[in-house]
Amino acid sequence: MENKRPEIVVPEQAAKRGRILRGELRSADTRILGVLAQFSKIAPSNKKAKIFFYPTLEQAKTLQLARPPFSFEGTVMLRDRVQAHYRATEIWPKYGSEISSYEILCFTQCSGRLADLRVTIASQAKREKSTSGGAWFLANECFLVQLLATPDEDYSRQLKELKLARPVHRFQISDGATAEFARIASQHSFKANKKIRNRDYAIQVDGAKDAATAEKDIECLLILASLASRERSEFWFRSVQESPQMRSEVWRFGMGEFSKRPDGEEPLLVRDSEHCSKFLSVAYKAYMSSSNGLLLDSAVYALLSRDLALETRIVNLVSGVQRALLFALPKSNKQAWQKIEPLYRKFERRYVIDLSDLWPLFDGRSGVSLYAIRNALVHGGVFTDNKDFIALSVAAENLKWILERILLVALGWDIELSSVSPKKLLWNTAHNWKEEQRHLAILLRSRKTKGPTNTP
């Protein structure tokens, strides 16, 4: 019997979603050309977005046998001589209507969640020259961003009426461009993007010559701002005017909510805008002069990963210390296999750092070291008593302070101008660590004499 199914089936609800474009769907082992696709309505405030596919029968057969995830690239004409190129990656399709073709079961009207979306809009029409630049809109505002942000028009007007002045902090980044944190009011026109939430925060860049370079710079500023604030900040949408004829946009979806700094905990830097501004300038130069920025990134993420079991957090923090040391000692990266203690001894010889007031990282002469606690956890040590938990909490807090001091020194910042200076920590409960050190030393010593613990 002849197959009566139309070559392509497009549902009625597709008419409400907008343009349908044709492009290439690709996975690690499959390439499908000429697939019709459509995106759900996307605005900068979206946290989730979907892509819909309308394959032909032959394309549906190929799609059924292919292994996800997929990437999609397609082009559509927006208006006269204006073209938009779309690219999305990490698409995991969810199949819709089933169709039967002889002995093969296929699917059509597939959809998938988007992890990211890059759009390049190019115009062939000649336009007047304009200053290249862009805006990176933040998913959440950390302490340092709020402190250094240029106020919006309404707030600036109020400050002026009160005869108060608030300085504007601008930062020099690559290729002579400048970056500035800004507070955006509702419906405020910001580089041609108006659908922004009330009291949003963004980073405005002026004079950017290359979008990829500017994006790397912004990532650097945000990781340093996250470190200084003790809370993570990321961008979820950016729009860059690369030239009079071209604009590029990037969305990030499914980022979720980032954990905020716990109540009562101070930011890593003192609450002073001038100090914070200077820190960003100094640390940015140190970060960009290194080829190992990803190591610093992962060390900061280890600091900010609070939603972990206490034992896992201690192991994670020690790994963060190793990455921070490798960042500070570039020549040691070729020997990344070497143990963390020799790395730390090299760090001590190159930098001036005083950790004598904190729980020793390696020296076990006064009791058990933090690294010995980490080794006990990795090799199956189980701590169940309430007093054990308190001691481990104090150890984790000291380990965090050690990592923060190492990062500050590696970035060229004075520890005395931070919340981890000996004077600042003097009245912190976890700074009185010796009793907890003795408790864990006795506990681990008794377990060693009894032999290894059998764990399930």
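The values are calculated or read from the model by the stated rules, or taken from the named source; none is laboratory data. Note that this is a predicted model, so its numbers are computed, not measured. No Cβ is skipped: glycine too gets one built from the backbone with ideal geometry, and neighbour counts run over all protein chains shown.
Consider region 289-335 and keep the residues that are crowded, with 16+ Cβ neighbours inside 10 Å and of a type in the set (D, E, K, R). The one that is nearest to residue 230 (Cα to Cα) is 297. Within region 41-76, if we keep just the residues that are closer than 16 Å to residue 249 by Cα and hydroxyl-bearing (Ser, Thr, Tyr), the residue that is surrounded by the fewest Cβ atoms within 10 Å (Cβ to Cβ) turns out to be 45. Would it be correct to say that residue 285 is assigned by TED's automatic domain parsing to the domain that holds residue 148, assigned to a helix (DSSP H, G or I), within 30 Å of residue 338 (Cβ to Cβ) and out of contact with any Cys (no Cβ under 9 Å at 6 or more places or on another chain)? Yes: the conditions hold for residue 285. There is at least one residue in region 246-257 that is at pLDDT below 90, loosely packed, with under 15 Cβ neighbours inside 10 Å and assigned to a strand (DSSP E or B). In this structure, residue 239 does satisfy being within 28 Å of residue 51 (Cα to Cα) and either in contact (Cβ under 8 Å) with a residue 24 or more places away in the chain or buried (at least 21 other Cβ atoms within 10 Å of the Cβ) (or both).
Rundown of residues vs (1) in the same structural domain as residue 143 (by TED's automatic domain parsing); (2) at pLDDT 90 or above; (3) of a type in the set (A, V, I, L, M, F, W, C); (4) not in a loop (DSSP other than H, G, I, E, B), yes/no style:
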site: 322; (1), (2), (3), (4): no, yes, no, yes
site: 397; (1), (2), (3), (4): no, yes, no, yes
site: 407; (1), (2), (3), (4): no, yes, yes, yes
site: 420; (1), (2), (3), (4): no, yes, yes, no
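The single residue among 301, 284 that is hydroxyl-bearing (Ser, Thr, Tyr) and farther than 30 Å from residue 114 by Cα turns out to be 284.
The conditions are (1) within 28 Å of the chain's Cα centre (by Cα); (2) free of Cβ contacts under 8 Å to residues at least 12 places away in the same chain, and residue 409 fails exactly one of them. Which is it? Condition (2) is where residue 409 drops out. Scanning region 258-271 for residues that are in a loop (DSSP other than H, G, I, E, B) and more than 12 Å from the chain's Cα centre (by Cα) yields 259, 260, 261, 262, 263, 264, 265, 266, 267, 268, 270, 271.
In region 128-150, the qualifying residues are those that are at pLDDT 80 or above and part of a loop (DSSP other than H, G, I, E, B), and the one that is nearest to residue 255 (Cα to Cα) is 139. Screening residue 89 with (1) surrounded by 15 or more Cβ atoms within 10 Å (Cβ to Cβ); (2) more than 25 Å from the chain's Cα centre (by Cα); (3) at pLDDT 85 or above gives one miss only, at (2). If the condition is being assigned to a strand (DSSP E or B), of a type outside the set (Lys, Arg) and surrounded by fewer than 19 Cβ atoms within 10 Å (Cβ to Cβ), then region 9-35 contributes 24, 33, 34.
Applying the criterion of being not hydrophobic (A, V, I, L, M, F, W, C) and not in a loop (DSSP other than H, G, I, E, B) to the residues of region 227-241, the residue that is farthest from the chain's Cα centre (by Cα) is 241.
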